[in-house]
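A.B. asks: I have a structure I would like to understand better, so I am pasting it below and will then ask my questions one at a time.
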Amino acid sequence: MRRIWILRLNHRRERDKRLTTHVALTARALGAEGMVYSGDIDTTLEDKIEDVNRRWGGDFKVEYIKDPVKWINLMKMNGFKIIHLTMYGVNINDIISELRKYDKLVLIVGSEKVEKIYFEISDYNVAIGNQPHSEVAAIAVFLDRYFRGRELRKKFVGGEYYIIPSERGKIVKKKVNGL
Ligand code: SAM
């Protein structure tokens, strides 16, 4: 089973509240297992994602970590490859087939300036193109390339609701016993 964790660096509770929520929602929807974040502790962010799990299923985890470098070293010891997503890195087109050989990954994304240590400690610095954009876009494109689109059909176990895809309108059904 492929396992992906996100490390969101330096979350600022007020400035980043929407963006970090979107990082988590995108990672959850596109096949990651959880997100850790450093910076400000934000229980509102954690509650929001918990509420999405409760309604739409799955078990996506959001946890605060005080020391990202220590956490990265722990993940390395547990066999995870560390990928720092940065516009300065190696173009994803040139590296994605190599990265698909690993089934345990940590994806690091920054908020503002990312400290040099993360460029050094990571196994790979990967660019989703070499132009600046956003951490949400970087996570989305990476996961979609890594899973080759299959993550978009992922079934979320548990929760209260599911959607029947339709060409027009919104069809939402209530689950029976989480199925
Ligand atoms: N100039 C900043 C820096 O130090 O990288 C850009 C910060 S950007 C608003 C926030 C995060 O989005 C970055 O830390 C990186 O993780 C991600 N990001 C933005 N553009 C990217 C790109 N082209 N490829 C990969 N990741 C990107």
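A.B. asks: Val62 - would you say it is under 12 Å from Leu7 (Cα atoms), within 14 Å of the ligand (Cβ to nearest atom), open to solvent by less than 70 Å² (accessible area, probe 1.4 Å) and at pLDDT 95 or above?
C.D. replies: On the way: under 12 Å from Leu7 (Cα atoms): yes; within 14 Å of the ligand (Cβ to nearest atom): no; open to solvent by less than 70 Å² (accessible area, probe 1.4 Å): yes; at pLDDT 95 or above: yes.
Answer is no for this residue.
A.B. asks: For region 88-119, how many residues meet the condition of being more than 9 Å from the ligand (Cβ to nearest atom) and of a type in the set (Gly, Ala, Ser)?
C.D. replies: Selection size over region 88-119: 1.
A.B. asks: Residue by residue through region 75-121, note down the ones that are among the hydrophobic types (A, V, I, L, M, F, W, C) and in contact with a Gly (Cβ under 8 Å, 6 or more places away or on another chain). Lay out the reasoning, then the answer.
C.D. replies: Applying the first criterion (among the hydrophobic types (A, V, I, L, M, F, W, C)) to region 75-121 yields 75, 77, 80, 82-83, 85, 87, 90, 92, 95-96, 99, 105-109, 114, 117, 119, 121.
Scanning region 75-121 gives Met87, Ile92.
A.B. asks: Hey, does region 79-87 have a residue that's farther than 22 Å from Ala137 by Cα and either in a helix (DSSP H, G or I) or away from the ligand (no atom under 16 Å from the Cβ) (or both)?
C.D. replies: yes
A.B. asks: Only one of these is under 17 Å from the mean Cα position of the chain (by Cα) and within 23 Å of Lys81 (Cβ to Cβ): Phe156, Phe119, Phe142. Name it.
C.D. replies: Only one candidate qualifies: Phe142.
A.B. asks: Can you say whether Leu107 is loosely packed, with under 14 Cβ neighbours inside 10 Å and in contact (Cβ under 8 Å) with a residue 40 or more places away in the chain, as far as the supplied structure shows?
C.D. replies: So Leu107 fails the test.
A.B. asks: Using beta carbons and a limit of 6 Å, which pairs, at least six apart or on different chains, have the first residue in region 68-83 and open to solvent by 50 Å² or more (accessible area, probe 1.4 Å) and the second one part of a loop (DSSP other than H, G, I, E, B)?
C.D. replies: Correct list of pairs: Lys81/Tyr102; Lys81/Asp123.
A.B. asks: Identify the residue in region 132-149 that is within 14 Å of Arg28 (Cα to Cα) and open to solvent by 50 Å² or more (accessible area, probe 1.4 Å) and, among all such residues, is nearest to the ligand (Cβ to nearest atom).
C.D. replies: Across region 132-149, the extreme among qualifying residues is Val141.
A.B. asks: Could I ask something else about it? For region 122-131, does any single residue satisfy the condition of being modelled with pLDDT under 95, touching a strand residue (DSSP E or B) at 6+ places or on another chain (Cβ under 6 Å) and crowded, with 17+ Cβ neighbours inside 10 Å?
C.D. replies: no
The values are calculated or read from the model by the stated rules, or taken from the named source; none is laboratory data. Everything numeric here is computed off the predicted structure, so don't read it as measured data. For neighbour counting, all protein chains shown are included, and Cβ atoms are generated from backbone atoms with ideal geometry for every residue, glycine included. Protein only, heavy atoms only, side chains kept; ligands, DNA and RNA dropped before computing areas. Shrake-Rupley method; radii C 1.70, N 1.55, O 1.52, S 1.80 Å.
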